[in-house]
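Take a look at the structure below.
Read-outs throughout are calculated quantities, based only on the coordinates presented, and are distinct from any laboratory measurement. None of these values were measured; they are calculated from a predicted model. Cβ atoms come from the backbone with ideal geometry, glycine included; neighbour counts cover every protein chain shown.
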Amino acid sequence: MTVTDTRKLTVLALDRLADGVLGLSLADPAGLPLPAWTPGAHVDLHLGNGLIRQYSLCGDPAEQDRYRVAVLREPNGRGGSAWIHDHLTVGETLQVSAPRNNFALESSPALLLIAGGIGITPLLPMIAAAEAAGTDWRLLYGGRAGSSMAFRDELARHGERVTVVTEEESGLLDLDAALGEPLAGTLVYCCGPEGLLDAVAARTAGWPDAGASLRLERFHPKAAEGVEAGPDTAIEIELARTGRTVIVPADQSILDVLEDEGVDDCFSSCREGTCGTCETDVLGGEPDHRDSVLSPADRESGRTMLICVSRARTPRLVLDL
Ligand code: FES
């Protein structure tokens, strides 16, 4: 089961990083060290309005006394970012999950990092790690306007490794130039709006071993692609820790039913297959993966599944719950 412990952290500082972007620093109220994390990790913030939202950690993993995140105000969002911008104050406490990483930085001789807007946040610690490891890296960072693009000043010190493109001055990132030819020995990491992720995925689709070269961080579910999901049918779920069996009807999610049944250790946040909070070990049966989190290798192994959206290809699943 994914680590879903939460702890109360105090808001140490709130900083305006760019137009519509607020930086938060969070620390243990007693000054205790925080759980370790690696570049690409995120935490869940349990907000005062009852919402739970995921934000990438954008500070330094060596800094064990605080977490840093950056929050873009999303005017058309569901109220999470607006609550943070409008109501959160320094000194307040929030429940914060342990860090989880669905976008881990893998070792590679070269890295091409592509960020759209607030998607820059998970890439910042990757840049620091790449620098420390002597990796040949480049960053393409696009946004609507310079004033809304956070961290530009600190990125400027990396000189030609960083290309910043603002839509109002130069249009969109030139992905054809960057990805037109397969980049041997290069891992591509991309985080940003869906349009950017889809554009990057489309341009690398023809690369040899494209799946092994590209890593995407999605904040919204991806459209179904590749393998067709099976039909929605009822599933028998055996809960291995108690031996109980529950039936999940065709029109309900596994998570909903297990919550209704009062099953312990069912955790959730996004409930749309993007955050990884509900990841559950599979001990028997074959999952029908419908999430946007698991890698092709994870899906293939069938050892774990996201029970908020995924279903089953076999009539019965045995879950480690
Ligand atoms: S609750 Fe977010 S992936 Fe299932």
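A Gaussian network model of the chain, with springs between Cα atoms under 10 Å, assigns the largest mean-square fluctuation among S292, S56, S148 to S148.
Look at where the Cα atoms of the stretch 10-86 and of the stretch 285-321 average out, and the two centres are 30 Å apart.
Per-residue Karplus couplings for the stretch 259-274, computed as 6.51 cos²θ - 1.76 cosθ + 1.60 with θ equal to phi - 60°, are listed in order as 5, 4, 7, x, 6, 5, 6, 9, 10, 7, 9, 6, 6, 9, x, 10 Hz, Gly and Pro entered as x.
Taking 0.36 nm per residue of separation and subtracting the Cα-Cα distance, what length does fully extending D176 through R144 add? Provide the component values of the computation, followed by the final result.
Details: separation 32, 0.36 × 32 = 11.52 nm, distance 1.91 nm.
Extra length from D176 to R144 when fully extended: 9.6 nm.
Compactness of the stretch 226-319 was expressed as the Cα radius of gyration divided by 2.2 N^0.38 Å, which yields 0.97. By the Stokes-Einstein formula, at 0.890 mPa s and 25 °C, the stretch 110-217 with its Kirkwood radius over alpha-carbon pairs has D equal to 176 µm²/s. A P(r) calculated from all alpha carbon pairs of the stretch 24-164, with 5 Å bins opening at zero, reads 2, 9, 18, 21, 20, 16, 9, 5, 1 percent.
Counting only Cα atoms, the size of the chain along its three principal axes is 59, 51, 37 Å, in decreasing order. Residues whose amide H comes within less than 5 Å of that of L283, counting only those at least five positions distant or on another chain, are V318, L319, D320 (H built at 1.01 Å from N in the peptide plane).
Multiplying each eigenvalue of the alpha-carbon gyration tensor of the stretch 6-97 by 5 and taking the square root yields semi-axes of 20, 14, 12 Å, largest first, rounded to whole angstroms. Output the relative contact order of the stretch 26-116, whole-number percent, from Cα pairs under 8 angstrom with separation of 6+ residues. The normalised contact order for the stretch 26-116 reaches 36 percent.
Order of T274, T135 from fewest to most other C-beta atoms within 10 Å?
Details: T274 22, T135 17.
Lowest to highest Cβ neighbour count: T135, T274.
Rounded to the nearest whole Hz, the Karplus-based 3J(HN,Hα) values (6.51 cos²θ - 1.76 cosθ + 1.60, θ = phi - 60°) of the stretch 194-209 follow the sequence 4, x, 5, 4, 5, 5, 5, 4, 5, 6, 9, 4, x, 5, x, 6, with x at glycine and proline. Note on V90 and A128: with the Förster distance fixed at 22 Å, the Cβ-Cβ geometry gives a FRET efficiency of about 0.25. Under the simplified labelling scheme, the V165-R271 pair shows an inter-label distance of 3.8 nm, with each label point 7 Å from Cα along Cα→Cβ.
Using the 10 angstrom Cβ neighbour count as an exposure proxy, how do I254, I247, I237 rank, fewest first? Walk me through the numbers before you get to the answer.
Details: I254 27, I247 11, I237 23.
If I rank by nearby Cβ atoms, fewest first, I get I247, I237, I254.
As a check on your grasp of the helix formula, calculate [θ] at 222 nm for the chain: sum -39500 (n - 2.57) over DSSP H runs of n ≥ 4, divide by the residue count, round to the nearest 500.
Working: 9 runs with 61 residues, N = 321.
It lands at -4500 deg cm²/dmol.
Determine, for R311, R157, R303, the number of other Cβ atoms within 10 Å of each Cβ, and report the residues in order from fewest to most. Mind showing how you got there, number by number?
Numbers: R311 22, R157 8, R303 13.
Fewest-to-most Cβ neighbours within 10 Å comes out as R157, R303, R311.
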